[in-house]
Amino acid sequence: MLAAGVAGEKAEPASSARGVGAYLGLAVGDALGATVEFMTPREIRHQYGVHREIIGGGWLRLRPGQVTDDTEMTLALGRSVLRRGGVDPADAAEVFSEWMRSKPVDIGHTVRRGIAHYRRTRTPEVAPDEQNAGNGACMRCLPIALLCRHEDEQALIRASRAQAHITHNNPVADAGTETVLRMLVTALNGGGSDRMRLHAERLVARYPVFRFDRRPVENPSGWIVETLQAVFQALYGHDSFEEILVDVVNRGGDADTTGAIAGMLAGALYGIHAIPGRWSRKLDPEVRRSCEGQAIELLALAGRGSA
Ligand code: MN
Ligand code: MN
């Protein structure tokens, strides 16, 4: 269990370091980005110069180290996956519904609508929606990557859509989320940045709207296309966890979500030791413990029977 990287190179993070790195990366990116969510890059420069510390505040008036729906929904999904031993959409919808009842600090429109639909119909799947390709299913997808890291492509896609369609049922959102999952799985299994990039290139080949080699995306919205363009530009613009996160959140817009997604990808790639200690120490201790615990338990669950 939790064997070291197959490559055997000392510098390569082990799968446990990558799994925990992805979880803490997500939470750190959410907490860092939330301060500047919905600000423009210009407003951020004016107020902070370069925003690079976890200080809370923002439109949600957070405590330093407090996280938002991105991390909370990920942890909710992970709890359901762990208690059911896999993705059970009805159980996951139930956990999301409990989370919504707990009066979360923020919640997206599409997520709220999806959970309300589940409460009304007991169906953990919304109708297909060609218009609305929001990033709300992608931001919480991380447990699926750890769960399915030894599974084949079809199993990964099935698990991804089962959780995504509780609130978001759109082909472009699915394609983006599945790409992030493939990149995460590649990193968790010891793959490097170039191999992760192949999945992003494949997404662009299928949906050219995702092209990210043009001008830098500023103010990325909650549309999965802009979200992932900003994330990929930051991920491939730097080779350290810290610089990737600083780049992406200083673009403003949906900064907690770009921070969360860039954080999970960079955390999976570079491992837990690449996350600045001043950031992980700032995280809410309860959130930090939950992230670490869930990562280890999901890796163990997925490791069973496939060694
Ligand atoms: Mn959020
Ligand atoms: Mn957000």
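Evaluate the following for residue 137: is it modelled with pLDDT of 95 or more and closer than 19 Å to residue 228 by Cα? Judged against the criteria, residue 137 is a match. Before we move on, is residue 240 away from ligand 1 (no atom under 16 Å from the Cβ), in contact (Cβ under 8 Å) with a residue 24 or more places away in the chain and under 19 Å from residue 31 (Cα atoms)? Against the criterion (away from ligand 1 (no atom under 16 Å from the Cβ), in contact (Cβ under 8 Å) with a residue 24 or more places away in the chain and under 19 Å from residue 31 (Cα atoms)), residue 240 qualifies. Taking the condition of being within 16 Å of ligand 1 (Cβ to nearest atom) and either of a type in the set (D, E, K, R) or surrounded by fewer than 23 Cβ atoms within 10 Å (Cβ to Cβ) (or both), how many residues in region 254-281 meet it? Going through region 254-281 one residue at a time, the tally reaches 2.
Could you tell me whether any residue of region 174-190 is within 25 Å of residue 271 (Cα to Cα), without any contact (Cβ under 8 Å) to a residue 24 or more places away in the chain and charged (D, E, K, R)? Within region 174-190, one or more residues are within 25 Å of residue 271 (Cα to Cα), without any contact (Cβ under 8 Å) to a residue 24 or more places away in the chain and charged (D, E, K, R).
On the basis of being modelled with pLDDT of 95 or more, of a type in the set (D, E, K, R), in contact with a Lys or Arg (Cβ under 9 Å, 6 or more places away or on another chain) and in a loop (DSSP other than H, G, I, E, B), does residue 72 make the cut? No.
So, in region 283-307, how many residues would count as being surrounded by fewer than 20 Cβ atoms within 10 Å (Cβ to Cβ) and closer than 20 Å to residue 242 by Cα? Of the residues in region 283-307, 3 are surrounded by fewer than 20 Cβ atoms within 10 Å (Cβ to Cβ) and closer than 20 Å to residue 242 by Cα. Against the test of being away from ligand 2 (no atom under 15 Å from the Cβ), crowded, with 24+ Cβ neighbours inside 10 Å and within 13 Å of residue 185 (Cβ to Cβ), the options 146, 156 yield a single qualifying residue, 146.
Exactly one residue out of 209, 246, 217, 204 is of a type in the set (Val, Ile, Thr) and either at positive phi or crowded, with 21+ Cβ neighbours inside 10 Å (or both), and it is 217.
Of 133, 92, 116, 127, all but one fail to be away from ligand 1 (no atom under 16 Å from the Cβ), surrounded by fewer than 18 Cβ atoms within 10 Å (Cβ to Cβ), aliphatic (A, V, I, L, M) and touching a residue at least 24 places away in the same chain (Cβ under 8 Å); the exception is 127. Scanning region 26-47 for residues that are of a type in the set (D, E, K, R) and away from ligand 1 (no atom under 16 Å from the Cβ) returns 42, 43, 45. Taking helices (runs of 4 or more DSSP H) as the structural unit, those lying wholly within region 228-307 and holding at least 3 residues that are in contact with a helix residue (DSSP H, G or I) (Cβ under 9 Å, 6 or more places away or on another chain) and of a type in the set (A, V, I, L, M, F, W, C) correspond to 241-249, 255-270, 285-303.
The values are calculated or read from the model by the stated rules, or taken from the named source; none is laboratory data. The structure displayed is predicted, hence computed values, not measured ones. For neighbour counting, all protein chains shown are included, and Cβ atoms are generated from backbone atoms with ideal geometry for every residue, glycine included.
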